[in-house]
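Data first, discussion second: the structure below is written as C-alpha cells.
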Amino acid sequence: MDRRTAIRILGTAIPSLYLSKFVHGEERWGKVPFNPQWSSLENYEVPKWYRDAKFGIWAHWGPQCQPERGDWYARGMYEEGSDQYKYHVEKYGHPSTFGFKDVINEWKAEQWDAESLMDLYKRAGAQYFMALANHHDNLDLYKSSHHKWNSTNVGPKKDIIAGWEKAAKKRGLRFGVSVHAAHAWTWYETAQRADKDGPLKGVPYDGKLKKSDGTGTWWEGYDPQELYAQDHPLSKGSEEGHTIHQQWHWDVDAGVNVPNEAYCANFRDRTLELIDNYSPDVIYFDDTALPLWPISNVGLDIAAHYYNRSMKRNKGNLEAVITGKILDEQQRKCMVWDIERGQSNRIEPLPWQTCTCIGSWHYDKRIYDNNRYKTAKTVVHMLADVVSKNGNLLLSVPLRGDGSLDDKARKVVEGIADWMEVNSEAIIGTRPWHTFGEGPAQKDAPELKAQGFNEGKGKPYTNEDVRFTTKGNVLYAIVMGNPSGKSLSFESLGARQAQTKRVKKVNLLGYNGAVKFVQEANRLVIEPPKEGTYNETAVVFKIS
C-alpha cells in the first residue's frame with residue numbers, strides 16, 4: 001500500500017502516515033494522561049488562566065520583517081514580477097545570487113529591547129505575550145541543537161525567544177510561542193524557480209543550493225537545504241501562486257508533495273526542544289489542526305508531550321494551551337480553535353481565540369507611510385465583541401526589522417492602554433452572558449470563511465451597539481462609542497426577560513457619581529450622567 005492509498009483508505013482511523021511509528025509511539029508513551037491520538041486529547045480542558053486572560057499581544061517578528069515589505073516576503077521574493085520580487089531585485093539583487101538566506105544574514109535586530117516593549121504591553125492590559133519562534137521561512141529564533149539555521153548562529157546571533165520569555169515572565173505575563181515552520185517544505189517551492197523573461201532568464205534561484213556550494217561564502221559550512229527544504233519535486237500546480245492555499249491541509253488528492261519522514265521527525269524534535277527549554281504556556285500552530293496532520297503523527301506526538309509535561313510540572317494540573325485552525329468538532333475539544341482575522345457570530349460553547357494584526361503580519365513600511373494601521377478604537381471594539389462570545393483576542397503589533405516599534409504603532413497600543421486602564425475589569429476574568437449583545441451591527445455580521453478573514457466586512461459599530469460580559473453577579477454593558485448624553489435602552493435587561501434579574505445599581509466605569517436608570521418590563525433604560533467623562537472608543541456600565 002503506498003502513502004496516498006494509506007491516507008485515503010485509513011482516514012482518521014490511524015492518524016499517521018508512518019504507521020509503524022504510530023504503533024511504536026503507543027508503546028513509547030505507555031501509561032500517561034495523554035496519548036498521541038485525538039480520542040485521548042479529547043480529555044483536554046482549557047485552563048482557567050487562559051479563559052480569564054482574554055487579551056494577548058504578539059510579536060510576529062523575524063527576518064521577513066527586515067525588508068519591511070510585508071507578509072510572506074521569503075516566498076514572494078521568488079515570484080517573478082510580483083511587488084516583492086521587484087523590490088528585492090532593486091534593494092538586494094537577483095534571487096539567484098541574493099536569496100532569503102542572505103536576507104537572514106542582513107537581519108541584526110540591533111534596536112530590539114524586549115524589556116521596554118513588555119512594559120508597554122503590560123500597560124496595555126495584555127495577560128499573555130506571544131513570540132514568533134519560527135515562520136514558514138524555517139529559521140528558528142531560539143537555540144536549537146536540531147536545526148543549525150537558528151538566530152543564535154546566523155542573523156542577529158541572539159536567542160530571541162529567551163529574551164522574550166525573560167521579559168514576559170518577569171512582568172507576570174503568560175508566555176507563548178507561535179510555530180509555523182511545518183510548511184516550509186511547500187512554501188519555499190518558489191525558490192526552485194527561475195526567471196521566465198529578462199537577461200537572467202533560466203538562471204535558477206538559490207532554492208536548490210547545497211552545502212558544497214558555500215565554499216568561500218558567508219554561509220560556508222551551512223546547508224541551504226536544511227533551511228529551504230527544496231531537494232524534492234514540486235507540488236502539482238506549484239507554478240501557480242494560489243495553489244499552496246488549496247494544498248495547505250496536506251491533501252494528497254490536491255497534488256501536494258508529501259514531506260519525507262526525516263523532515264517530519266526534524267520538525268518534531270525542534271518543537272519538543274522549544275517546549276522543553278522555554279516552557280511556553282501557549283503554543284500557536286499555524287496549521288489546520290496540528291502540524292503535518294494527517295500525513296504524519298508528529299503533531300499529535302507534540303501535543304501529547306506538551307500536555308503531559310504541563311501536568312507533571314504543575315502537580316497534575318494542565319496549564320498548557322494549544323491553538324489550531326479549521327478544527328472539526330472533535331478537535332475543538334482537544335485544543336483551542338483560532339480564527340485568523342475574523343470573529344464568530346455567536347457565543348461559542350468552548351473558549352476560542354481570534355488572531356489579528358494592526359497592520360501586516362510582517363512589517364510593511366507602506367502601511368506606516370499611508371496611515372493604514374487599525375485604530376485603538378477598532379481594536380477595543382474587536383476585543384469587546386470577541387470576549388462577549390467566549391473568546392480571546394491575540395493582537396499582533398508589527399515591529400520593524402531592527403526590532404523597534406514605530407511611533408504610529410506605539411500610539412495604537414497606548415490608546416488601548418488608556419482604555420484598558422479604566423475599563424479592563426469588563427474584559428479580564430469575565431465570562432459571556434446568555435446573549436452577547438444588541439444593536440444594528442450584529443444583524444449584518446459576516447459569516448466565517450475558511451480559517452476566518454471576515455473582519456471589517458460588517459457594519460462598523462456605533463453607540464447603538466453593545467456587548468455584554470459577566471463576572472459573578474455583575475453584568476458589564478460595553479457601549480461601542482460615546483453615548484453623547486442620550487438615553488440608552490437595553491432590551492435584554494427588561495424585567496420580564498426570563499434570564500434577567502432585578503437591577504439594583506448601575507455604575508459608569510471611571511465615574512464616581514450615581515447613574516440613573518429605570519428597569520421596565522421590556523427594557524432597561526440608563527441615563528448617562530451629563531457630567532461624565534466619556535471615552536470616544538467605548539464606555540462601560542457596570543450593572544449589579
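Figures for the structure shown
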| item | result |
| --- | --- |
| Residue list for segment 189-207, filter: surrounded by 15 or more Cβ atoms within 10 Å (Cβ to Cβ) and not aliphatic (A, V, I, L, M) | GLU189, THR190, GLN192, ARG193, ASP195, PRO204, TYR205, ASP206, GLY207 |
| Test: LYS516 is at pLDDT 95 or above, within 12 Å of LYS542 (Cα to Cα) and not acidic (Asp, Glu) | no |
| Cβ pairs under 6 Å, 6+ apart, first in segment 196-215 and in contact (Cβ under 8 Å) with a residue 60 or more places away in the chain, second basic (Lys, Arg) | TYR205/ARG193 |
| Any hit, segment 345-354, residues being closer than 22 Å to GLY70 by Cα and at pLDDT 95 or above | yes |
| Hey, TRP250 among the aromatic types (Phe, Trp, Tyr), closer than 23 Å to ALA303 by Cβ, in a loop (DSSP other than H, G, I, E, B) and at pLDDT 95 or above or not | yes |
| Counted residues, segment 321-350 - those being under 20 Å from LEU393 (Cβ atoms) and part of a loop (DSSP other than H, G, I, E, B) | 13 |
| Those residues of segment 414-426 which are surrounded by 23 or more Cβ atoms within 10 Å (Cβ to Cβ) and either out of contact with any Gly (no Cβ under 9 Å at 6 or more places or on another chain) or not in a helix (DSSP H, G or I) (or both), in sequence order | ALA426 |
| Test for SER212: is it more than 17 Å from ASN150 (Cα to Cα) and buried (at least 19 other Cβ atoms within 10 Å of the Cβ) | no |
| Residue in segment 439-471 that is farthest from the chain's Cα centre (by Cα), counting only those that are assigned to a strand (DSSP E or B) and either at pLDDT below 70 or not assigned by TED's automatic domain parsing to the domain that holds GLY494 (or both) | LYS449 |
| The listed residue being in a loop (DSSP other than H, G, I, E, B), in contact with a Ser or Thr (Cβ under 8 Å, 6 or more places away or on another chain) and without any contact (Cβ under 8 Å) to a residue 60 or more places away in the chain, out of LYS158, LYS143 | LYS158 |
| Leading residue by the ranking (nearest to the chain's Cα centre (by Cα)) among those in segment 164-198 that are closer than 25 Å to VAL89 by Cα, among the small types (Gly, Ala, Ser) and outside any loop (DSSP other than H, G, I, E, B) | ALA184 |
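The values are calculated or read from the model by the stated rules, or taken from the named source; none is laboratory data. Source: prediction; values computed, not measured. With ideal geometry, Cβ positions are generated from the backbone for all residues, glycine too; neighbour counts draw on all protein chains shown.
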